[in-house]
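Note sheet for the following structure.
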Amino acid sequence: MAEIMLELRSVSKTFNPGTVNEKKAIDRVSLNVRRGDFITIIGGNGAGKSTLINAITGVFQIDEGEIILDGADITGLPEHKRAKHFGRVFQDPMLGTAPNMAIEENLALAYRRGKRHSLRWGITSRERAFYREQLRQLELGLEERMTQKVGLLSGGQRQALTLLMATLIRPDVLLLDEHTAALDPKTAEKVLKITEELVRKDNLTTLMVTHNMKNAIEYGNRLIMMNDGRIILDIDGEEKKKLTVEMLLEKFSRVSGSEFTSDRALLS
Amino acid sequence: MLDTLLAGVCQGLIWAVLALGVYISFRILDFADLTCEGCITLGASISALLIWKELNPFLSVLVAFLAGSIAGTVTGLLNTKLKIPPILSGILTMISLYSINIHIMSLATGTGGTANLSLLTFRGNTAYAQVASLLGLGRVYSSLIFGVVVVLAVSGVLYWFFGTELGCAIRATGANATMCRSQGINTDLTKLCGLALSNGLIATSGALLCQYQNYADVNMGVGSIIIGLASIIIGETLFMKFQNFYMKLTGVILGAVIYRVVVAFVIYSGMPSTDLKIMTAGIVTVALALPTIQKSIASSRLFKKARRRENGRREGGGENG
């Protein structure tokens, strides 16, 4: 058991190289994530937050650098082979679930994350009892609707379900990419609460991208701020606990030499 | 009259196998796969060739299924590995199958460029003939029974398969590929499996059709994708209440049978059979356009209602306005 759960060594990614749309999305990013860390990631538009998450999960291959998970180099692995290590929740509530399949079928897929898909029955009655138990913890009444299609659920319910799916088998790292951004404030708060409970219950190593400064400060034990594809702030431990929005803004302008540019972050 | 109806049902049961195949690619995988057009002929020509070579006709259907799966796999590889768009991948395979099918049929006659094979000399050695002599029934009723058995077996296997872990993964791939990859599903592989199964069934349907009508023709596949779609859409429109998976498969089968019965009666009533394809295209167009038309009618009604209310308000509160 390594102390470091996830390590990025000088990871870079440029999109559309050699064209007018060339964009260096992340630039020599290095990061050590300790086992049990709950890191919030904040930054303006185009800072590279989502690219960082996608690089870790292997949505694309990175140009340079190495990604080490629990001591093993996963840099070259395709996305579906890394999936067993990661639980993921996306910004778009549509992306995390299959709408035309039942709630229990979605959970059954998640329960088999990273395993071979055989010709055994896709869902067993013993599993159903387990899913019912898990769904009850969300306190959304979904345990009574297990055979309904996920397409009938609201955005918030879907995100809560996706969270459950991401943690149904314990992931090495839980990756949340602005997973409350598409929800109304009240629902967002509820989903965040569920997030915190799930993370705390299993002491999950978590990276949570958010555009909300208050949330970034309130949750987690460590905060990372990104700008122009680089990590410009990494605030940890006691210092993180004392952090306020004003302090964060002030630190940002000192380090980056400019004003924080995301209206969304300041207004919400 | 009754003969027309029964012949329509017999054909419908054969086309139902094709429609189930098209349902897998079109609805489950969300992949508009045109391989179908070449694949049904592939099944027919392989089955015809093997019957010419005096192989067991039932075995020839199985071989046709395998050949169809290979064709589907090729389309899948073009799409997943070479990143060719779905429609184009299907067209490429379809057009290659045209040449391949002629080669297959030429193997039977020994002369190159054979574009059709008749089974008349081997009439007694088709699956339908054998079932008829086995059951001791007339051709029509034995064909009906055989067709029902085949369709029940195929849909039963499909129901089982799409309930398994692999089947669930294939269904999820069509619904949300991003989610699948994040759940560790190799979406390239699930697509290949789905397309192989789909085209296997389409070729099976071709093999049965060839043995039913006693000939294979290189052009018999033209328009078959539209017939498959028409069956699916007729089934979905008429049996909207069918929601769970088995009922949906039943809807597709009934759709195919209804389509074929309608066609049989249209031909019976004297319409030239060459006009069938435009009639089918018309049915599919109307069915596909229906949701859009309904929506635009509904929204124009809403608009009129809103304007009426607006006018009413303006007249009522004119002084303040």
Subject >> Of A:73, A:27, A:37, the one that fluctuates the most in a GNM where chain A has Cα springs shorter than 10 Å >> reply: A:73
Subject >> Cβ crowding within 10 Å averaged over residues, with A:226-233, A:14-21 ranked highest first >> reply: A:226-233, A:14-21
Original post:
What ranking do A:3-12, B:41-50 get when scored by the average of other Cβ atoms within 10 Å per residue, highest first?
Top reply: B:41-50, A:3-12
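Which whole-number percent is the relative contact order of segment A:63-162 (Cα, under 8 Å, 6+ apart)?
On the way: 85 pairs, mean separation 33.9, N = 100.
RCO, segment A:63-162: 34 percent.
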Subject >> For segment B:64-88 and segment A:1-52, distance of Cα centres in Å >> reply: 37
Original post:
Using Cα pairs under 8 angstrom and six or more residues apart, how large is the relative contact order of segment B:1-155, in percent?
Top reply: 29
Original post:
Within chain B, which DSSP H helices have Cα atoms that stretch 20 Å or more along the helix axis and a mean Kyte-Doolittle hydropathy of at least 0.0?
Top reply: B:2-23, B:35-52, B:57-80, B:86-109, B:139-161, B:187-213, B:224-238, B:245-268
Original post:
What is the magnitude of the charge dipole of chain B about its Cα centre, with +1 placed on the Cβ of each Lys and Arg, -1 on the Cβ of each Asp and Glu, and no other charges, expressed in debye to the nearest 20?
Top reply: 1120
**OP:** Excluding residue B:123 itself, calculate the net charge of residues whose Cβ lies under 15 Å from the Cβ of residue B:123, where each Lys or Arg counts +1 and each Asp or Glu counts -1.
**Re:** 0
Original post:
Taking residue A:24 as the anchor, which aspartates and glutamates have their alpha carbon closer than 18 Å to its alpha carbon, excluding any fewer than eight residues away along the same chain?
Top reply: A:63, A:64, A:66, A:228
**OP:** Let me know the Rg and Dmax you get for chain B when you use only its Cα atoms, in Å.
**Re:** 23.0, 94
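Mind checking the full-extension length gain between residue B:266 and residue B:66? Use 0.36 nm per residue of separation minus the Cα-Cα distance, one decimal, nm. Mind dumping the intermediate values first?
Values: separation 200, 0.36 × 200 = 72.00 nm, distance 3.47 nm.
Full-extension gain reported as 68.5 nm.
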Original post:
Who wins for biggest fluctuation among B:108, B:153, B:169 in a Gaussian network model of chain B, springs between alpha carbons below 10 Å?
Top reply: B:153
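Note down the net charge around residue B:165, summing +1 for each Lys or Arg and -1 for each Asp or Glu among other residues with Cβ under 10 Å from its Cβ.
Details: positive: A:112, A:115, A:116, A:120; negative: none.
That sum, taken over residues with Cβ under 10 Å, equals +4.
Using a 1.4 Å probe over the heavy atoms of the protein chains, calculate the carbon and sulfur portion of the accessible area of segment B:1-126 as a whole percent.
Working: 3720 of 5270 Å².
The computed percentage sits at 71.
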Original post:
What lysines sit close enough to residue B:295 to cross-link, taking a C-alpha to C-alpha distance under 20 Å and skipping anything fewer than 8 places away on the same chain?
Top reply: B:304, B:305
Subject >> Loss of accessible area when B meets A, both sides summed, Å² nearest 100, probe 1.4 Å >> reply: 2300
**OP:** Under 19 Å Cα to Cα from residue A:242, which aspartates and glutamates show up? Leave out anything in the same chain fewer than 8 places away.
**Re:** A:37, A:218, A:234, A:250
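Considering only protein heavy atoms, what per residue accessible area in square angstrom results for segment A:3-64 with a 1.4 angstrom probe?
On the way: 2610 Å² over 62 residues.
With the other protein chains kept in place, segment A:3-64 gives 42 Å² per residue.
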Subject >> Average partner coverage of A:106-113, which counts Cβ from other chains inside 10 Å >> reply: 4
Subject >> Value of D in µm² per second that Stokes-Einstein yields for the protein assembly as shown, Kirkwood Rh from Cα pairs, at 25 °C (0.890 mPa s) >> reply: 90
Subject >> Whole-angstrom gap from segment B:158-201 to segment A:157-195, using each part's C-alpha centre >> reply: 26
Original post:
When chain B is modelled as a GNM with alpha-carbon springs shorter than 10 Å, which of B:221, B:72, B:167 fluctuates the most?
Top reply: B:167
**OP:** State to the nearest 20 debye the size of the charge dipole of the protein assembly as shown about its Cα centre, where the only charges are +1 on K and R beta carbons and -1 on D and E beta carbons.
**Re:** 1020
Original post:
Per-residue mean of other chain beta-carbon atoms within 10 angstrom of the beta-carbon, peptide A:92-99?
Top reply: 4
**OP:** Mind checking A:114-120 for the average number of partner chain beta-carbons within 10 Å of each residue's beta-carbon?
**Re:** 5
**OP:** Based on alpha-carbon positions alone, could you give the equivalent ellipsoid semi-axes of segment B:71-219 from the gyration tensor, as √(5λ), descending, whole Å?
**Re:** 35, 24, 8
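Given a cut-off of under 8 Å on Cα pairs at least six residues apart, what relative contact order in percent is computed for chain B?
Details: 501 pairs, mean separation 107.9, N = 321.
Averaging sequence separation for qualifying contacts and normalising by length gives 34 percent for chain B.
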Original post:
Restricting attention to the alpha-carbon atoms of chain A, what are Rg (one decimal) and Dmax (integer), both in Å?
Top reply: 18.8, 59
Subject >> Dipole of chain B, positive direction: furthest Cα of B:178, B:57, B:88, with charges on the beta-carbon >> reply: B:178
**OP:** Measure up B:191/B:277; A:186/A:214; A:149/A:214; B:81/B:248; A:81/B:191; A:49/A:251 against 24 Å on the Cα-Cα distance and list the ones that go over.
**Re:** B:191/B:277; A:149/A:214; B:81/B:248
Subject >> Accessible heavy-atom area order of B:313, B:139, highest first, probe of 1.4 Å >> reply: B:313, B:139
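The values are calculated or read from the model by the stated rules, or taken from the named source; none is laboratory data. In this text, all values refer to a predicted model and were calculated from it rather than measured experimentally. As a convention, Cβ positions derive from the backbone with ideal geometry for all residues, glycine included, and neighbour counts pool all protein chains shown. Protein only, heavy atoms only, side chains kept; ligands, DNA and RNA dropped before computing areas. Shrake-Rupley method; radii C 1.70, N 1.55, O 1.52, S 1.80 Å.
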